Amino acid sequence: MAVAIHAGGTVTHKGDMFVSHWLTSWGISWVTMLPVVMTAAPFIRRVAERIAK
């Protein structure tokens, strides 16, 4: 899914910098996403376990 989002966002970017631009945006998204997911995952897991009981 992340690949589709980034590819869609960079398709309009033409020229020799396509791959560089794509890799940079992908890296920034991972650096931004990882702490959010690592912080939210335990809370989401606890909520899911309470719902499943």
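Structure above, values below:
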{"item": "Residue tally, condition surrounded by 10 or more Cβ atoms within 10 Å (Cβ to Cβ) and of a type outside the set (A, V, I, L, M, F, W, C), over the range 40-53", "result": "2"}
{"item": "Residues of the range 1-45 that turn out to be at pLDDT 80 or above and among the acidic types (Asp, Glu), as a count", "result": "0"}
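The values are calculated or read from the model by the stated rules, or taken from the named source; none is laboratory data. In this text, all values refer to a predicted model and were calculated from it rather than measured experimentally. Neighbour counts run over all protein chains shown; Cβ positions are idealised from the backbone, glycine included.
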